[in-house]
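Undergrad: Starting off with a structure, shown below.
The values are calculated or read from the model by the stated rules, or taken from the named source; none is laboratory data. Quick caveat: nothing in here was measured; it's all calculated off a predicted structure. Cβ placement follows ideal geometry from the backbone for every residue including glycine, while neighbour counts extend to all protein chains displayed. Calculation scope for accessible area: heavy atoms of the full protein, side chains included, ligands and nucleic acids excluded. Shrake-Rupley method; radii C 1.70, N 1.55, O 1.52, S 1.80 Å.
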Amino acid sequence: AVRTALDLLFPPQSLDGGSATMTGGLSAAAWSTIPFIDGPLCDGCGLPFEYDLGAGVRCAACSARPRAFARARAACLYDETSRGPILQLKHADRTDLAPLFARWISRSARDLLDEADALVPVPLHRARLLGRRYNQAAEIARPLGRLTGVAYLPDALARVRDTASQGGKSGGGRRRNVAAAFAVPPAKARLVAGKTVLLIDDVMTTGATLEGCARALLAAGALRVHAAVVARVKESSSRSI
């Protein structure tokens, strides 16, 4: 009753500046342009397939080189329409978008959330965190934990090396860039030991950062590591991100 009364006095505004919405999300016009991943996909990296190949099928890349994380899911593709709100969260202090992205992930990664014992955001190095003032992955993971009831572990993983930007690098270059960049602090190892951990981030390109995080968690005793992101980039365009 209180919420209804407040909505009458202060109608929810769309997060993209479009027409008013019922829940404070995106306007209908913006929603219709987001390339959500709903169809058949690779069971490993979450890459969408053009047609259904059956349950549990993996793409050629995942079959050729298994990743450190067991499975990954993305809510949408990263393109000219989804890029805007994601970059607004990352660089323009639009932390109000984070709960919306958390809801997207709760839908796209519901199978991984059912298995997860804990949510761990991909960390920023302290130097970068001071400049940005917040970690966009943590801003998404926190409301996702409240929404799903899965434990949120904000400090279970640390970025111990300040890496260069991944933009413009090949898949191999990205992997070398984040090699040994992540670690589980000794005091936090008990929180992940024997647990199925779901990594949370905003964008997945080649998956190198997520793999670096997964290796650190597995080395600390995690039973299994999955990953969930707001958007994923098609391999052919990953070097431009």
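Undergrad: Count the net charge of all other residues whose Cβ sits under 10 Å from the Cβ of LEU191, scoring Lys and Arg as +1 and Asp and Glu as -1.
TA: Residues near LEU191 contribute +1 overall.
Undergrad: In nm, to one decimal, how far is the modelled label at ASP114 from the one at ALA151, with both set 7 Å along Cα→Cβ?
TA: 2.2
Undergrad: Going through region 36-145, which GluC sites (Glu not before Pro) have at most 12 other Cβ atoms within 10 Å and a DSSP loop state? Don't skip to the end; give the middle numbers.
TA: Numbers: sites: GLU50, GLU80, GLU115, GLU139; in loops: GLU50, GLU80.
Counting only loop positions with at most 12 other Cβ atoms within 10 Å, the GluC sites (Glu not before Pro) in region 36-145 are GLU50, GLU80.
Undergrad: Using protein chains only and a probe of 1.4 angstrom, how many square angstrom of SER63 are accessible, to the nearest 10?
TA: 80
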